[in-house]
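Take a look at the structure set out below.
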Number of protein chains: 2
Amino acid sequence: MPSSVTDERLVAQLKALAHPARLKILDLLAARGDCICGEVVNVLPLTQSTVSQHLKILKEAGLLIGTIDGTRSCYSLDSQAFGVSQRALTNRLAVYEACEEDDEG
Amino acid sequence: MPSSVTDERLVAQLKALAHPARLKILDLLAARGDCICGEVVNVLPLTQSTVSQHLKILKEAGLLIGTIDGTRSCYSLDSQAFGVSQRALTNRLAVYEACEEDDEG
DNA sequence: ATCGTACATCGTCGATAGACGATTAAGGAA
DNA sequence: TTCCTTAATCGTCTATCGACGATGTACGAT
(Lines give C-alpha, C1' and ligand atoms only; values in the text may rest on other atoms or scores of the structure.)
Protein backbone atom coordinates (compact mmCIF):
# COMPACT_ATOMS: atom_id res chain seq x y z
CA MET A 1 0.00 0.00 0.00
CA PRO A 2 2.83 2.44 0.71
CA SER A 3 3.76 3.10 -2.86
CA SER A 4 7.38 3.83 -1.91
CA VAL A 5 7.51 6.03 -4.97
CA THR A 6 5.74 9.34 -4.95
CA ASP A 7 3.71 10.54 -7.90
CA GLU A 8 6.18 13.31 -8.27
CA ARG A 9 9.08 10.92 -8.54
CA LEU A 10 7.17 8.65 -10.87
CA VAL A 11 6.41 11.60 -13.13
CA ALA A 12 10.06 12.60 -13.11
CA GLN A 13 11.12 9.11 -14.12
CA LEU A 14 8.49 8.90 -16.82
CA LYS A 15 9.65 12.22 -18.21
CA ALA A 16 13.21 10.97 -18.23
CA LEU A 17 12.14 7.84 -20.09
CA ALA A 18 9.94 9.67 -22.55
CA HIS A 19 12.56 10.59 -25.09
CA PRO A 20 13.83 8.41 -27.93
CA ALA A 21 17.48 9.35 -27.43
CA ARG A 22 17.29 8.50 -23.75
CA LEU A 23 15.68 5.14 -24.44
CA LYS A 24 18.51 4.48 -26.86
CA ILE A 25 21.04 5.36 -24.21
CA LEU A 26 19.42 2.95 -21.79
CA ASP A 27 19.42 0.24 -24.44
CA LEU A 28 23.06 0.85 -25.09
CA LEU A 29 23.95 0.66 -21.42
CA ALA A 30 21.87 -2.48 -21.04
CA ALA A 31 23.70 -4.06 -23.95
CA ARG A 32 27.21 -3.06 -22.94
CA GLY A 33 27.00 -2.97 -19.20
CA ASP A 34 28.54 0.45 -19.10
CA CYS A 35 29.70 3.17 -21.43
CA ILE A 36 31.78 6.28 -21.31
CA CYS A 37 30.20 9.42 -22.58
CA GLY A 38 32.19 9.40 -25.79
CA GLU A 39 30.90 5.99 -26.76
CA VAL A 40 27.35 7.19 -26.47
CA VAL A 41 28.22 10.22 -28.56
CA ASN A 42 29.63 7.94 -31.25
CA VAL A 43 26.44 5.91 -31.39
CA LEU A 44 23.83 8.65 -31.28
CA PRO A 45 23.42 11.30 -33.98
CA LEU A 46 23.77 14.06 -31.43
CA THR A 47 26.54 16.34 -30.31
CA GLN A 48 28.59 15.79 -27.20
CA SER A 49 26.89 18.53 -25.25
CA THR A 50 23.44 17.20 -26.05
CA VAL A 51 24.37 13.67 -25.05
CA SER A 52 25.91 14.93 -21.86
CA GLN A 53 22.66 16.71 -21.11
CA HIS A 54 20.63 13.56 -21.66
CA LEU A 55 22.95 11.60 -19.44
CA LYS A 56 22.51 14.22 -16.77
CA ILE A 57 18.74 13.99 -17.00
CA LEU A 58 18.82 10.22 -16.67
CA LYS A 59 21.19 10.49 -13.77
CA GLU A 60 19.04 13.05 -11.99
CA ALA A 61 16.05 10.79 -12.45
CA GLY A 62 18.03 8.20 -10.56
CA LEU A 63 18.20 5.77 -13.45
CA LEU A 64 21.91 5.96 -14.10
CA ILE A 65 25.03 5.79 -12.04
CA GLY A 66 27.98 7.82 -13.19
CA THR A 67 31.54 7.34 -12.06
CA ILE A 68 34.59 9.34 -12.90
CA ASP A 69 37.44 7.34 -14.39
CA GLY A 70 40.34 9.59 -15.04
CA THR A 71 39.15 12.09 -17.59
CA ARG A 72 36.30 9.81 -18.57
CA SER A 73 32.78 9.51 -17.23
CA CYS A 74 31.57 5.99 -17.06
CA TYR A 75 27.84 5.41 -16.91
CA SER A 76 25.85 2.35 -16.08
CA LEU A 77 22.25 1.55 -15.31
CA ASP A 78 21.11 1.75 -11.74
CA SER A 79 19.52 -1.67 -11.75
CA GLN A 80 18.16 -1.25 -8.28
CA ALA A 81 16.42 1.98 -9.22
CA PHE A 82 14.91 0.25 -12.21
CA GLY A 83 13.63 -2.48 -9.99
CA VAL A 84 11.87 0.06 -7.83
CA SER A 85 10.43 2.12 -10.63
CA GLN A 86 9.50 -0.93 -12.60
CA ARG A 87 7.45 -2.18 -9.69
CA ALA A 88 5.87 1.24 -9.21
CA LEU A 89 4.97 1.52 -12.84
CA THR A 90 3.85 -2.05 -13.12
CA ASN A 91 1.63 -1.71 -10.11
CA ARG A 92 0.14 1.43 -11.49
CA LEU A 93 -0.50 0.05 -14.93
CA ALA A 94 -1.73 -3.21 -13.52
CA VAL A 95 -4.40 -1.34 -11.61
CA TYR A 96 -5.46 0.39 -14.77
CA GLU A 97 -5.42 -2.84 -16.68
CA ALA A 98 -7.34 -4.72 -14.04
CA CYS A 99 -10.02 -2.09 -14.12
CA GLU A 100 -12.13 -3.87 -16.70
CA GLU A 101 -15.52 -2.34 -16.96
CA ASP A 102 -17.46 -5.03 -15.22
CA ASP A 103 -20.79 -3.73 -16.41
CA GLU A 104 -20.88 -6.25 -19.20
CA GLY A 105 -24.35 -7.35 -18.12
CA MET B 1 11.68 -10.25 -30.44
CA PRO B 2 8.92 -8.40 -32.30
CA SER B 3 8.37 -5.76 -29.70
CA SER B 4 4.77 -5.17 -30.86
CA VAL B 5 5.15 -1.64 -29.59
CA THR B 6 7.47 0.72 -31.42
CA ASP B 7 9.82 2.99 -29.59
CA GLU B 8 7.87 5.87 -31.00
CA ARG B 9 4.64 4.60 -29.56
CA LEU B 10 6.27 3.81 -26.25
CA VAL B 11 7.64 7.33 -26.07
CA ALA B 12 4.22 8.74 -26.86
CA GLN B 13 2.63 6.72 -24.08
CA LEU B 14 5.34 7.64 -21.61
CA LYS B 15 4.83 11.30 -22.45
CA ALA B 16 1.13 10.93 -21.92
CA LEU B 17 1.73 9.31 -18.55
CA ALA B 18 4.36 11.82 -17.47
CA HIS B 19 2.07 14.47 -16.07
CA PRO B 20 0.61 14.57 -12.57
CA ALA B 21 -2.83 15.66 -13.71
CA ARG B 22 -3.01 12.84 -16.19
CA LEU B 23 -1.96 10.28 -13.62
CA LYS B 24 -4.72 11.63 -11.40
CA ILE B 25 -7.21 11.25 -14.21
CA LEU B 26 -6.17 7.64 -14.69
CA ASP B 27 -6.47 7.01 -10.97
CA LEU B 28 -9.91 8.51 -11.00
CA LEU B 29 -11.04 6.38 -13.89
CA ALA B 30 -9.54 3.28 -12.30
CA ALA B 31 -11.46 4.02 -9.11
CA ARG B 32 -14.79 4.86 -10.69
CA GLY B 33 -14.78 2.75 -13.79
CA ASP B 34 -15.74 5.70 -15.90
CA CYS B 35 -16.25 9.41 -15.64
CA ILE B 36 -17.75 12.19 -17.64
CA CYS B 37 -15.54 15.16 -18.34
CA GLY B 38 -17.35 17.34 -15.82
CA GLU B 39 -16.62 14.94 -12.99
CA VAL B 40 -12.94 15.12 -13.74
CA VAL B 41 -13.15 18.90 -13.82
CA ASN B 42 -14.77 18.86 -10.38
CA VAL B 43 -11.97 16.77 -8.94
CA LEU B 44 -8.95 18.44 -10.47
CA PRO B 45 -7.91 22.04 -9.78
CA LEU B 46 -7.95 22.83 -13.47
CA THR B 47 -10.35 24.47 -15.85
CA GLN B 48 -12.64 22.61 -18.19
CA SER B 49 -10.61 23.39 -21.25
CA THR B 50 -7.41 22.18 -19.66
CA VAL B 51 -8.99 18.96 -18.48
CA SER B 52 -10.47 18.39 -21.88
CA GLN B 53 -7.02 18.83 -23.35
CA HIS B 54 -5.52 16.27 -20.97
CA LEU B 55 -8.28 13.82 -21.79
CA LYS B 56 -7.56 14.30 -25.46
CA ILE B 57 -3.87 13.59 -24.93
CA LEU B 58 -4.60 10.41 -23.03
CA LYS B 59 -7.06 9.35 -25.68
CA GLU B 60 -4.62 10.02 -28.49
CA ALA B 61 -2.03 7.95 -26.67
CA GLY B 62 -4.56 5.14 -26.80
CA LEU B 63 -4.95 4.89 -23.06
CA LEU B 64 -8.54 6.05 -22.82
CA ILE B 65 -11.76 5.25 -24.56
CA GLY B 66 -14.24 8.05 -24.94
CA THR B 67 -17.88 7.62 -25.74
CA ILE B 68 -20.50 10.24 -26.37
CA ASP B 69 -23.51 10.02 -24.09
CA GLY B 70 -25.97 12.71 -25.02
CA THR B 71 -24.19 15.98 -24.40
CA ARG B 72 -21.71 14.24 -22.15
CA SER B 73 -18.42 12.59 -22.89
CA CYS B 74 -17.84 9.46 -20.92
CA TYR B 75 -14.30 8.26 -20.52
CA SER B 76 -12.93 4.97 -19.33
CA LEU B 77 -9.56 3.27 -19.31
CA ASP B 78 -8.61 1.19 -22.28
CA SER B 79 -7.61 -1.83 -20.23
CA GLN B 80 -6.42 -3.72 -23.24
CA ALA B 81 -4.09 -0.90 -24.25
CA PHE B 82 -2.73 -0.81 -20.74
CA GLY B 83 -2.07 -4.50 -20.91
CA VAL B 84 -0.03 -4.02 -24.04
CA SER B 85 1.89 -0.98 -22.88
CA GLN B 86 2.41 -2.46 -19.47
CA ARG B 87 4.07 -5.46 -21.02
CA ALA B 88 6.16 -3.29 -23.29
CA LEU B 89 7.28 -1.11 -20.44
CA THR B 90 7.80 -3.97 -18.08
CA ASN B 91 9.89 -5.82 -20.60
CA ARG B 92 11.98 -2.77 -21.21
CA LEU B 93 12.54 -1.98 -17.58
CA ALA B 94 13.13 -5.61 -16.77
CA VAL B 95 15.97 -5.68 -19.27
CA TYR B 96 17.47 -2.66 -17.63
CA GLU B 97 16.98 -4.11 -14.21
CA ALA B 98 18.41 -7.48 -15.18
CA CYS B 99 21.48 -5.79 -16.55
CA GLU B 100 23.49 -6.12 -13.38
CA GLU B 101 27.06 -5.28 -14.05
CA ASP B 102 28.49 -8.77 -14.09
CA ASP B 103 32.04 -7.57 -14.33
CA GLU B 104 32.53 -8.06 -10.64
CA GLY B 105 35.69 -10.09 -11.28
C1' DA C 1 54.21 24.71 -17.53
C1' DT C 2 52.07 23.50 -21.78
C1' DC C 3 49.23 20.98 -24.60
C1' DG C 4 45.66 17.57 -25.78
C1' DT C 5 41.73 14.87 -24.51
C1' DA C 6 37.18 14.15 -22.37
C1' DC C 7 33.41 15.84 -20.46
C1' DA C 8 30.32 19.30 -18.08
C1' DT C 9 28.20 23.64 -18.21
C1' DC C 10 26.61 28.07 -20.21
C1' DG C 11 24.04 30.85 -23.38
C1' DT C 12 21.00 30.93 -27.09
C1' DC C 13 17.32 29.84 -30.12
C1' DG C 14 13.28 27.53 -32.11
C1' DA C 15 9.76 24.21 -30.96
C1' DT C 16 6.67 22.22 -27.87
C1' DA C 17 3.89 21.89 -23.57
C1' DG C 18 0.54 23.52 -20.43
C1' DA C 19 -2.50 26.80 -18.65
C1' DC C 20 -6.28 29.94 -19.37
C1' DG C 21 -10.48 32.54 -21.28
C1' DA C 22 -13.39 32.89 -25.20
C1' DT C 23 -15.76 30.75 -28.66
C1' DT C 24 -18.00 27.05 -31.10
C1' DA C 25 -20.79 22.76 -31.59
C1' DA C 26 -24.35 19.81 -30.28
C1' DG C 27 -27.87 17.63 -27.39
C1' DG C 28 -31.95 18.24 -24.24
C1' DA C 29 -35.78 21.06 -22.27
C1' DA C 30 -39.02 24.76 -22.55
C1' DT D 1 -37.22 28.01 -32.23
C1' DT D 2 -34.89 29.53 -28.16
C1' DC D 3 -32.27 28.67 -24.17
C1' DC D 4 -29.29 25.96 -21.12
C1' DT D 5 -25.90 22.58 -20.38
C1' DT D 6 -21.79 20.03 -21.67
C1' DA D 7 -17.66 19.57 -23.80
C1' DA D 8 -14.35 20.37 -27.70
C1' DT D 9 -11.59 23.68 -30.02
C1' DC D 10 -9.19 28.16 -30.85
C1' DG D 11 -6.03 31.81 -29.72
C1' DT D 12 -2.73 33.49 -26.61
C1' DC D 13 0.78 33.65 -23.25
C1' DT D 14 4.51 31.80 -20.44
C1' DA D 15 7.54 28.08 -19.19
C1' DT D 16 10.12 24.29 -20.33
C1' DC D 17 12.46 21.17 -23.64
C1' DG D 18 15.91 19.95 -26.86
C1' DA D 19 19.38 21.08 -29.89
C1' DC D 20 23.62 23.43 -30.80
C1' DG D 21 28.26 25.97 -30.43
C1' DA D 22 31.30 28.00 -27.27
C1' DT D 23 33.47 27.93 -23.09
C1' DG D 24 35.11 26.04 -18.73
C1' DT D 25 37.26 22.30 -16.00
C1' DA D 26 40.09 18.54 -14.94
C1' DC D 27 43.16 14.85 -15.87
C1' DG D 28 47.28 12.77 -18.51
C1' DA D 29 51.23 13.19 -21.32
C1' DT D 30 55.18 15.73 -22.82
Subject >> Protein heavy-atom accessible area occluded, A/B pair - total, 1.4 Å probe, Å² >> reply: 3000
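When the Kirkwood radius is taken over all Cα pairs of chain A, what Stokes-Einstein diffusion coefficient follows at 20 °C and 1.002 mPa s, in µm²/s?
Working: Rh = 15.2 Å.
Reported coefficient: 141 µm²/s.
Where the accessible area of the protein assembly as shown is counted over protein heavy atoms with a 1.4 Å probe, how much of it, in %, is carbon and sulfur? Spell out each step's value before the answer.
On the way: 6030 of 11490 Å².
Here carbon and sulfur together make up 52 percent of the probe-accessible area.
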Original post:
What share of Cα pairs, in percent, lie more than 21 angstrom apart in the protein assembly as shown?
Top reply: 56
Original post:
Using a 1.4 Å probe, what is the accessible area per residue for the range A:17-61, in Å²?
Top reply: 48
**OP:** For B:Cys74, go 7 angstrom from Cα along the Cα-to-Cβ vector, then report the distances to that same point in the other copies in nm, smallest first.
**Re:** 5.9
**OP:** Would you work out the relative contact order for chain B, in percent, from Cα pairs under 8 angstrom that are 6 or more residues apart?
**Re:** 29
**OP:** Using only Cα atoms, find the angle between the long axis of helix A:20-32 and the longest principal axis of chain A, and express it within 0 to 90 degrees, rounded to the nearest 10.
**Re:** 70
Original post:
Where does the longest stretch of chain A lie that holds no GluC sites (Glu not before Pro) found in a DSSP loop with 15 or fewer other Cβ atoms within 10 Å?
Top reply: A:1-99
**OP:** Between copies, how far apart are the A:Lys59 label points? List them in nm, one decimal, shortest first, with each point 7 Å from Cα toward Cβ, please?
**Re:** 4.3
Subject >> Degrees, to the nearest 10: B:79-98 long Cα axis against longest axis of chain B >> reply: 30
Original post:
If you line up the long axis of helix B:48-60 against the longest principal axis of chain B, both from Cα atoms, how many degrees apart are they, to the nearest 10?
Top reply: 40
**OP:** Only helical DSSP H runs with n ≥ 4 go in: add -39500 (n - 2.57) per run for the protein assembly as shown, normalise by residue count and round the 222 nm mean residue ellipticity to 500 deg cm²/dmol.
**Re:** -19000 deg cm²/dmol
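The values are calculated or read from the model by the stated rules, or taken from the named source; none is laboratory data. Here the structure is a predicted model, which means the values were calculated and not measured. All Cβ positions, glycine included, derive from the backbone under ideal geometry; neighbour counts span all protein chains shown. Heads up: the accessible areas ignore ligands, DNA and RNA and are worked out on the full protein's heavy atoms, side chains in. Shrake-Rupley method; radii C 1.70, N 1.55, O 1.52, S 1.80 Å.
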